[in-house]
Every structure is written in structure tokens, then in C-alpha cells.
Amino acid sequence: MAIVCEKDQLQEQHLLKIKEICNTFNKDHSELINILHGCQGYFGYLPAEVQEAIALEIDMPVSKVFGVVTFYSFFTMKPKGEFPISVCTGTACYVRGADKLVDEFQRELGIDVGQTTEDGKFSISTLRCVGACGLAPVVMVGDKTYGHVSPKMVKKILKEYKTK
Amino acid sequence: MSKINQHILTCGGTGCRASESKELAQNLRDEIASNPAIEGSVKVVECGCFGFCEKGPIVKMLPDNTFYTQVKPTNAKEIIEEHIVKGRKIENLLYTDPVTKEVIDESKNMGFYKKQHRIALRNCGFVDPENIGEYIAREGYEALGRAIFEQEPQVIIDTIKASGLRGRGGGGFPTGLKWEFTKNAKGDQKYVVCNADEGDPGAFMDRSILEGDPHSIIEAMAICAYAIGANEGLVYIRAEYPLAIDRLKIAIKQAEETGLLGDNILGSDFSFKITIKYGAGAFVCGEETALIQSMEGLRGEPNLKPPFPAESGYFQKPTNVNNVETLANIPVILNKGADWYASMGTEKSKGTKVFALAGKINNVGLIEVPMGTTLREVIFDIGGGIKDGKKFKAVQTGGPSGGCLTEEHLDTPIDFDNLLAIGSMMGSGGMVVLDEDDCMVSMAQFYLEFTVEESCGKCAPCRIGNKRLHETLEKITQGKGVMEDLHQLRNMSEVIKETSLCGLGQTSPNPVLSTLDNFWDEYVEHVEDKKCVAGQCKSMLRYVITEEDCVGCTACVRVCPTNAITGTKKKPHIINQDLCIKCGACMDKCSFDSILLIA
Ligand SMILES: Cc1cc2nc3c(=O)[nH]c(=O)nc-3n(C[C@H](O)[C@H](O)[C@H](O)COP(=O)(O)O)c2cc1C
Ligand code: SF4
Ligand code: FES
């Protein structure tokens, strides 16, 4: 769940959390990726302010932190939706029609991959293989995995969450 | 307390968990608990992947070996009441052979398992991965104990060398030789690294091994450490594999508590510990030098080799990097001997290989066969042939670094060198089967899209060249290609292969080259006739309304986002091809099947 930073300002408790995470890894520069995993786990995403705070805390140039965040696709600088939708576009899912599912989610929600709906409920992203190729094509909403998804099922899946 | 005399094994891998296997296991336990007559004599064990993912979740009953497929949580009651209590098999949960229609009750009689030989997967689907005792009961940690107390490091290395084991991560480098290099490298501190990044989309053997048999990896890493003189190990694993990470953590903890990991293992003077490092979604980090950069907390950009990690790796110390599947073979080789292992396989590729079968094939899943098995045996005998009775078109091996093979290659015995010789690769063992509905140009485009996304950008041929390849392929699938483009594709591919810095760029044009070689006519059709026989390239398709079937209900008019459909009510309508964006909304909506898609 994304914690929103009010007016680009991190609150005291957020700074404390960042400190705590950095300390678990002894502020070790070689643990930067683990620190980022920890912070993204807490904030839901890694906005510039969080990166700056980490850089300060472990005494590393912000540009380096930013370089690592942008290199790895797992890290995101934008908050995801309350129900993040990930469509697997790995090979197994692709040949069983994953691209049609991406189209369908985009059409139903009126957003593109990488975007979040205005009400903050849904976001769409693609990922490469969740390791459930036997169920291809696969869609994940949060932690829940849907297998053998057809374009017709897209509406039904969304309905499950719209009322939540 | 009565003795446990029956076991119910359920699949607890990622795939089956997604099909509610966890709920199923819980329901089975609840049913047992509520039945005093059997309580205490039946045990439910959640194992790793059985491999037969197509028909998951799987349930296997011991001791009678009954193999149930596609079991739902609601079947729990029946399994307990019928099978356990009354001893009657439940017919409708048994597997029916799709060809012979024969109902089969044991896995060993199923086509899917008959030709398999499971070594790396030996424990997957047999042991509870969260219980070290079950691993130990199946010769687990015996090889480690023997190594530490009875064998010189060189003896172990010689055994691995003699077994002929080659790296399963894609490169196929002889494992024993790599260990020897690292052992002989100068350095006070050395590292053992397990590469569990598994980047090839469509391959999931490393995940299944870690989920189903994590102790085999821990044992192998410890043996390797002892052989090369290291005291520290690291597992680099994808953050996208939460279940594998959990199971590995549990296994490491249990091994530490049992004295099989940590200081003075089994009371000897050999100490070894393992820490976990997480990937963060970058395919190139599977390449060993990039992986080492990433473990140091940096951007995962590869470095020029040499120096190889064996000389200068993690923090410039000698580092032995091995793939998960490679490691899974180590304890068995040491238990059963090099000769036994080398007796399987082909002249230069020994042992077995795990493949992840996916795509348009009946039996999607994880299989392990001796090297030298033919593609035909894998796809038709084990894989059960092509889905929905369609025609086989191609099989893609080696993921983004590999190629598409055709009918004429089906009888090639699979091994490292044979696959290279016919323009593909073993890679990590992904095998994606394609049928007549798959467009080979689009397939090449799909892989190039992947490479463009995943190129780290350090060197120009890969960063720019692959982008140009992708653009050219896109142009062709959009119906704007010219013949010159096909020659350009080939030229660029050869340059990228020759001049890229790391394995990613050196192999990324393979999907293009192999499809050009094997499906030249299909490329030409796209370019000259603007035709895609597979019907996948949208730009070359047209939605049309058949006059006879259209009743003029206007349902399609209302859904068309671009107002491309016109006509009077109760009269046949037509689609204006200039306005149509080919979204297919009208076809989905039409209740009279009057809208057709034509090539
Ligand atoms: C682009 C690229 C991606 C790779 N991805 C993986 C991977 O996901 N897993 C793996 O074990 N090896 C991967 N490799 C191979 C490793 O560089 C290395 O050769 C391997 O881990 C060595 O272990 P092995 O000898 O046991 O195979 C990759 C190589 C390249 C060039
Ligand atoms: S070949 Fe590609 S991935 Fe490898 S170093 Fe060059 S740009 Fe990076
Ligand atoms: S390709 Fe989608 S789960 Fe593997």
C-alpha cells in the first residue's frame, strides 16, 4: 500500500523508518539493493524524497541511488494502484495471448501500462514470467494469481475489486 | 498414538498454489482431523512441483501411488472418505490419456513420466521442502559428510570432472574445471555463488528446485566451498520468487540448527555460511559479471571477461558461480559416482537436462530427460503433442538467446553442441512450442522487444543495434516492410553478435537469424504480399461483415470506438477499413457470428 508523502515532505516517522532499514544493513553500500527493497516494501514506491533520505543516511551520492533505482525494473518511482494488476508477458503467456489481455485491461480501465487510474484503485504493469507458465496466460492482482485468463474474463476480474 | 501408514502428497509449488493447492491441503488435514478412525495414521505433505503443471493441482497417494489430477479443495472430503477410508479409487480424478482415452492410475504409466529420468528433480514432489529430515532420509547431506571427513578437495573436483557435468545456466562450461580454476586461483578469501536469477521468461526449473528441494542446493554449495576453499556462499535470487525465497530461508535455518551449515560443520574444522542477495528485475543480472556487480549493490552492468569470476569476482576475490540446476546434480554425482552419471547422455553432454515445456503443447510442465533425447520424443511422447489438434510449427529453445527450430530438426538428439549447430541454444532449458497460429516474424519481434528492454546499455551494438532490429521487425509486421529490410536484419544481426560486450548482445539476434533461416518465406510474404498466414499481424487483417449473416441489429455500431461501422437498421452493415483500428470489439459483440477476420 502506497504511503503518500504530503507536499513532497517526508514525515518524521517515515524518516525514522528509513533510518531503521538502513541500520539493519549497517549502512553498507553493497546492501543498497536490499535497502531499496526494504523501503519500497514500506512505502510502496521510491519517490525522489525517499531516495534522497537514503543517500543522506548511508552517505552515498543521490545520483548513485537514483542510478540503481532506475536500472532495476522492480523498483518504481510512481505509486501503484490499491489493486496493482500485473499481466505476465513472458514467452509462455505471450504465445497463449497475453497481449490481448493487456489490450483488454487498458481498454476497460482507460489507462496505459505503467499508469494508475484516477481514483488510485488500479494500475497496470507487465512482468516477465511469474513461474506459473502451466497456467498461461497469467494475471496477478496484488498477490492473487489468475490462470488461463481470457479477454472475456477481464471484466469479471475487475468487478471483484471494483466493489471492494 | 497410531503409526502413520498413509501419506497424501500435494503440490505446493507456485503454479499449483495459484490453483488453490494450499486450501486443498488444509481441507485434507481438516477432514483427517475430523475422522477419529484415521486421525494420526494419515499425513498430508506439501511437496514441491511434480512437473505435470498442465493438470495441477496434483495429489499423490502413498503407498499405493495413485496419482490424482486437477484436484480442487472441494474434492478433499471425497479423497478421505472414498480413497482413505474405503480404499476405492476416485475415477474422475484419475488421468485420462488424451489419445488412447485410457484411464491411468499411476504416474509411472503415464506418457508424461515414462521417458523421464529425474536426477536434478529427484526430490521435487517427494519430500516436504520445509523439513530437513525428509531430505536427510533420501541420502541428503551424505555426500557433504563424506567430503569433509574422507575426501581431499581434489578428489571431489576430479569426480565432478570425470562425470562430465556441464553448467546448466546456459554456457555449458565444464563444472569440475571451473571449480579447479577457482581452487587454484590466488586469494585468501573465496566465494561460492548460486545463480538463481532465472531470467529466461518461460523457464521455471530453478524456481521449482528451490521450492521443492532447497537442501540439495545448500548441500552442493557447501561441497563446492569445501572443494575450492571458500567459507562464504551467496545465493542471488529473483525478488519475483517469494515462495522460493521463503523455502530457501527455512532450509538455511534448519541446516544451521542441525550443524550442517555455519561454524565447524558436523564438528569438523570446515565452516561455511550462506547469505541471500536479491535481484530486482533485470535479466542481464543473470550474466555472471553483472550478477556480481548487482551483489555489490551496483547497477548490474557486465564487465569484459577475462578476468573470469574464478580469478576475480565478488569484491575482486576468486568466485565460483554456478546455476541452481548444475548444483542440484552435485550431491547425486558424489553419491552414485562419476561413471554412473557419465553413462547417461551423449558424447560431450553427460547426464540429464530439465526442460520447461510451455506454449501450444498438451502437457505443459517441467520434465527431465537424458541428454540425447530427441525433440520429437520431448514434444510428442512426453509433451503429448500439440494442443487442440493443431499442427506443429516450431519449437523455441534457449529463450531470448536461442532460436526457433522446425519439423526437420525434430529428430536431432538434444545436447549443448547439437543445438548450437542448428542455430539455437540449450540456454537454461525453456522450450516453447508454437503451432500454425503463431507468426514467426512476430515471435522474433517479441524476443527483440525483450532484449531492447533488458539491454543494460553499456555497449553501443547491443543498445542501439537491437533497437534498430526491433524497429525493422515492427515495420515488417505493420505491413510497411521492403525486401531490403530483410537483408538489413541479417547484416545488423551479424554485427551485433560479433561486437557486443556480453552474452546478452552476443546472442540476442539469434531469434531473428534462426527465423530468417527457417522461415524465410514467411518473411517474404509479410513484405511482398502484406500477408500474415498465421493471422497474428493485425495490420494485415481485416474485419468484415458477411452480408448474409448480418441482421442489422446495430450492436456493433454502438461498440465501435471509431464509428467505423455504418448501415441502416435491419439491413446488413459495413466496416469502413480506413477508420477501423482493428480492436475486435464488434466481433466480440456480434451474436450472429457475422463478423469475420480475414488475412
Ligand atoms: C544475458 C545472460 C543471462 C543469463 N542468465 C542466467 C540465469 O538466469 N541463470 C543462470 O544460472 N545463468 C545465467 N547466465 C549464465 C551465467 O553467466 C553463468 O554462465 C552461469 O550462471 C554459470 O553457471 P553454470 O556453469 O553452472 O551454468 C546468463 C548469461 C547471460 C549472458
Ligand atoms: S551486450 Fe547489451 S547487455 Fe551486454 S554489456 Fe552490452 S549493452 Fe549491456
Ligand atoms: S511466462 Fe507467464 S508465468 Fe511464465
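Readers should treat all values here as calculations from the given coordinates under stated rules, not as data from a laboratory. From a predicted model like this one, the values you see are computed outputs, not experimental measurements. Neighbour counts run over all protein chains shown; Cβ positions are idealised from the backbone, glycine included.
Shielding value for B:198-206 is 5, the average number of Cβ atoms from other chains within 10 Å of each residue's Cβ. The per residue volume of the convex hull around the alpha-carbon atoms of the protein assembly as shown is 186 Å³. Remark on B:Arg166: its backbone amide H falls under 5 Å from those of B:Thr175, B:Lys350, a criterion applied only to residues 5 or more positions apart or on other chains, H modelled at 1.01 Å from N.
Note on A:Met153 and B:Asn184: with the Förster distance fixed at 60 Å, the Cβ-Cβ geometry gives a FRET efficiency of about 0.55. The stretch B:132-341 gives an Rg/Rh value of 0.93, both radii derived from C-alpha positions and Rh following Kirkwood. A crude spin-label estimate for the pair A:Met77 and B:Asp158, with each label 7 Å from Cα along the Cβ direction, gives 5.8 nm. Considering only A:Phe83, A:Phe71, A:Phe43, the Gaussian network model of chain A with Cα springs below 10 Å gives its largest mean-square fluctuation to A:Phe71.
For the options A:Tyr94, A:Tyr42, A:Tyr72, a Gaussian network treatment of chain A with springs between C-alpha atoms closer than 10 Å singles out A:Tyr72 as fluctuating the most. Partner shielding of A:63-69 amounts to 2, given as the average count of beta-carbon atoms from other chains within 10 Å of each residue beta-carbon. I'd like to know which of B:Leu448, A:Val138, A:Ile35 lies farthest towards the positive end of the charge dipole of the protein assembly as shown, counting +1 on Cβ of Lys and Arg and -1 on Cβ of Asp and Glu. Checked the options; the winner is A:Val138. Seen against the Cα atoms of chain A and their longest principal axis, helix A:98-109 is set at about 80 degrees.
Here the stretch B:440-529 is treated with +1 on each Lys and Arg Cβ and -1 on each Asp and Glu Cβ, and its dipole about the Cα centre works out to around 520 debye. Look at A:Phe105, B:Phe519, B:Phe173 and count the other Cβ atoms within 10 Å of each Cβ; fewest to most, that gives B:Phe173, B:Phe519, A:Phe105.
Karplus-based coupling profile of the stretch B:480-485, in residue order and whole Hz: 10, x, 10, 4, 4, 4, with θ = phi - 60° in 6.51 cos²θ - 1.76 cosθ + 1.60 and x standing for Gly or Pro. Normalising the average separation of contacting C-alpha pairs (under 8 angstrom, six or more residues apart) by the number of residues puts the relative contact order of the stretch B:6-114 at 28 percent. With just the Cα atoms defining each centre, how far is the stretch A:121-164 from the stretch B:306-320? Give it in Å. The stretch A:121-164 and the stretch B:306-320 have Cα centres spaced 42 Å from each other. By DSSP, the beta bridges lying fully in the protein assembly as shown are antiparallel in about 55 percent of cases. With the cut-off at under 17 Å, measuring from each backbone N in the stretch A:21-50 to a point 7 Å along the Cα-to-Cβ line of A:Asp59 picks out A:22-32. Along the axis of the charge dipole computed for the stretch B:498-599 (Cβ charges of +1 for Lys and Arg, -1 for Asp and Glu, origin at the Cα centre), the listed residues B:Ile574, B:Leu501, B:Val512 are led at the positive end by B:Ile574.
Taken along the Cα-to-beta-carbon direction at a fixed 7 Å, the label points for A:Phe66 and B:Lys391 span 5.6 nm.
When B:Met443, A:Met153, B:Met110, A:Met140 are sorted by how many other C-beta atoms sit within 10 angstrom of their C-beta, beginning with the fewest, the order is A:Met153, A:Met140, B:Met110, B:Met443. For the pair B:Thr275 and B:Lys101, label points projected 7 Å from Cα toward Cβ lie 6.2 nm apart. Cross-link pairs exceeding 21 Å between alpha carbons, from the set B:Lys178/B:Lys348; B:Lys253/B:Lys353; A:Lys144/B:Lys22: B:Lys253/B:Lys353. Going from the fewest other Cβ atoms within 10 Å to the most, the residues B:Phe592, B:Phe272 appear in the order B:Phe592, B:Phe272. Take every pair of alpha-carbon atoms less than 8 Å apart whose residues are at least six positions apart; their mean separation over the length of the stretch B:181-232 yields a relative contact order of 59 percent.
Label point of B:Ile574 set 7 angstrom out along Cα-Cβ; within the stretch B:535-552, amide nitrogens under 14 Å from it belong to B:544-548.
Just to confirm the number: angle between the C-alpha axis of helix B:175-184 and the first principal axis of chain B, 0 to 90 degrees, nearest 10? Tilt of helix B:175-184: around 50 degrees.
A Förster radius of 30 Å, combined with the Cβ-Cβ distance separating B:Ala555 from B:Ile598, puts the computed FRET efficiency at roughly 0.90. The GNM of chain A, with springs linking C-alpha atoms under 10 angstrom apart, assigns the highest mean-square fluctuation among A:Val138, A:Val95, A:Val154 to A:Val95.
When the Cα positions of B:Thr100, B:Cys47, B:Ile598 are compared along the charge dipole of chain B, B:Ile598 comes out farthest toward the positive end, with charges on each C-beta of Lys, Arg, Asp and Glu. Beta bridges per DSSP, both residues in chain A: antiparallel share near 55 percent. On the basis of the beta-carbon distance and an R0 of 45 Å, B:Ser591 and B:Asp246 show a calculated FRET efficiency of 0.40.
Summed over qualifying helices (DSSP H, 4 residues or more, each -39500 (n - 2.57)) and divided by its residue number, chain B shows a 222 nm mean residue ellipticity of -9500 deg cm²/dmol. Taken about its Cα centre, the protein assembly as shown carries a charge dipole of roughly 1060 debye when the Cβ of each Lys and Arg holds +1 and the Cβ of each Asp and Glu holds -1. Taking every DSSP beta bridge with both residues inside the stretch A:83-162, roughly what % is antiparallel (nearest 5)? If I count the DSSP bridges inside the stretch A:83-162, around 55 percent turn out antiparallel. What the pair-distance distribution of the stretch A:5-71 shows, using all Cα-Cα distances binned every 5 Å from zero, is 3, 19, 35, 27, 13, 2, 0 percent.
Counting only Cβ charges, +1 for Lys and Arg and -1 for Asp and Glu, the dipole size of the stretch B:1-93 around its Cα centre is about 160 debye. Between the helical axis of B:153-163 and the dominant principal axis of chain B, each derived from Cα atoms, what acute angle in degrees is found, rounded to the nearest 10? Relative to chain B, helix B:153-163 is tipped by roughly 40 degrees. Within straight-line reach of B:Lys89, meaning a Cα separation under 19 Å, sit the following lysines at least 8 residues removed in sequence or on another chain: B:Lys43, B:Lys55, B:Lys60, B:Lys72, B:Lys77, B:Lys101, B:Lys108. Short-range pairs are left out: with C-alpha atoms under 8 Å and at least six residues apart, the relative contact order of the stretch B:394-470 is 30 percent.
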